[in-house]
1. Hey, any hits in segment 67-79 for a residue that's touching a helix residue (DSSP H, G or I) at 6+ places or on another chain (Cβ under 7 Å), in contact (Cβ under 8 Å) with a residue 24 or more places away in the chain and within 12 Å of the ligand (Cβ to nearest atom)?
2. Every residue in segment 63-102 that is assigned to a loop (DSSP other than H, G, I, E, B) and over 21 Å from the mean Cα position of the chain (by Cα), please.
3. Can you go through Ile107, Ile38, Ile48 and tell me which one is of a type outside the set (Asp, Glu) and more than 26 Å from Met1 (Cα to Cα)?
4. Can you tell me how many residues within segment 50-62 are surrounded by 15 or more Cβ atoms within 10 Å (Cβ to Cβ) and either over 15 Å from the mean Cα position of the chain (by Cα) or in the same structural domain as Val106 (by TED's automatic domain parsing) (or both)?
5. Would you please name the residue that is nearest to the ligand (Cβ to nearest atom), looking only at residues in segment 4-32 that are in a strand (DSSP E or B) and aliphatic (A, V, I, L, M)?
6. Return the residues of segment 33-45 that are assigned to a helix (DSSP H, G or I) and either more than 8 Å from the ligand (Cβ to nearest atom) or in contact (Cβ under 8 Å) with a residue 40 or more places away in the chain (or both); say none if nothing qualifies.
7. Would you mind finding the one in Ala140, Ala130, Ala111 that is at pLDDT 95 or above and surrounded by 13 or more Cβ atoms within 10 Å (Cβ to Cβ)?
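The values are calculated or read from the model by the stated rules, or taken from the named source; none is laboratory data. Everything numeric here is computed off the predicted structure, so don't read it as measured data. For neighbour counting, all protein chains shown are included, and Cβ atoms are generated from backbone atoms with ideal geometry for every residue, glycine included.
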Amino acid sequence: MSESFDAVVIGAGPAGEVMVSRLHAAGKRVTVVEAELIGGECGYWACIPSKTLLRAPEARIEADRAEGVSGAELNWPALRDYRDYMIRYLDDSGQVRSYTNQGVTVIKASARLSGPGTVEAGWSDAERRAHGHRHRQHPADPADRGPGRRPGLDQP
Ligand SMILES: Cc1cc2nc3c(=O)[nH]c(=O)nc-3n(C[C@H](O)[C@H](O)[C@H](O)COP(=O)(O)OP(=O)(O)OC[C@H]3O[C@@H](n4cnc5c(N)ncnc54)[C@H](O)[C@@H]3O)c2cc1C
């Protein structure tokens with residue numbers, strides 16, 4: 001199936017999101033092709049989770065150093081749960097809905113430039129395997145919420 005748009009934005013990280021919003025505001029017919037999650041690494045794997053995890057130890061150290069304060073403890077399970085909340089349990093369905101409601105087409109796939117003015121969206125077998133592996137760690141999936149090691153999610 002092929003479709004025409006004024007602009008195709010590949011990747012909806014912070015940079016792509018700015019592109020989408022400016023093109024949309026300019027009245028362009030826009031589609032965004034995102035292989036993982038709308039928001040990119042910042043919202044799910046980088047800025048937000050790292051700052052969320054860093055704040056509690058920072059506050060504990062500050063408390064330790066402040067005269068007249070005692071007993072500040074790090075509660076890792078609570079912090080981990082808060083981190084999962086802050087990264088929306090790796091669930092971007094709200095972001096997808098918001099774009100769709102604005103009239104921006106969202107395609108969840110890997111994109112490549114296939115010719116002048118042409119973008120192809122889909123999955124190679126290798127990409128499908130890599131994507132499946134990464135998203136098996138999706139904490140929004142009830143199957144993954146049971147006991148078991150989730151690298152990067154269960155370890156501080
Ligand atoms: C641990 C860590 C902490 C950080 N903390 C901060 C911070 O506090 N403040 C700050 O300003 N920056 C921080 N950064 C940097 C910040 O995350 C990046 O600068 C920012 O995410 C870059 O945005 P981007 O849109 O260029 O790329 P990305 O966020 O990487 O987004 C690119 C998107 O494109 C998609 N994509 C890529 N190729 C394709 C394709 N072929 N088809 C379809 N989709 C595709 C990807 O899936 C991804 O969603 C941090 C980075 C790390 C690693």
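1. No, segment 67-79 has no match at all.
2. Residues of segment 63-102 that are assigned to a loop (DSSP other than H, G, I, E, B), as a first pass: 66-75, 87, 91-92.
Ala66, Glu67, Gly68, Val69, Ser70, Gly71, Ala72, Glu73, Leu74, Asn75 - these are the residues of segment 63-102 that are assigned to a loop (DSSP other than H, G, I, E, B) and over 21 Å from the mean Cα position of the chain (by Cα).
3. Values: Ile107 fails: more than 26 Å from Met1 (Cα to Cα); Ile38 fails: more than 26 Å from Met1 (Cα to Cα).
Testing whether each residue is of a type outside the set (Asp, Glu) and more than 26 Å from Met1 (Cα to Cα) leaves just Ile48.
4. Within segment 50-62, the first condition is being surrounded by 15 or more Cβ atoms within 10 Å (Cβ to Cβ), and the residues that meet it are 52-53, 56.
Subset that is either over 15 Å from the mean Cα position of the chain (by Cα) or in the same structural domain as Val106 (by TED's automatic domain parsing) (or both): 53, 56.
Matching residues across segment 50-62 total 2.
5. Filtering segment 4-32 for residues in a strand (DSSP E or B) gives 7-10, 30-32.
Filter again for aliphatic (A, V, I, L, M), leaving 7-10, 30, 32.
Details: Ala7: 15, Val8: 10, Val9: 9, Ile10: 5, Val30: 15, Val32: 9 Å.
The residue in question is Ile10.
6. Within segment 33-45, the subset assigned to a helix (DSSP H, G or I) is 40-44.
Correct list: Gly43, Tyr44.
7. On the way: Ala140 fails: at pLDDT 95 or above; Ala130 fails: at pLDDT 95 or above.
Testing whether each residue is at pLDDT 95 or above and surrounded by 13 or more Cβ atoms within 10 Å (Cβ to Cβ) leaves just Ala111.
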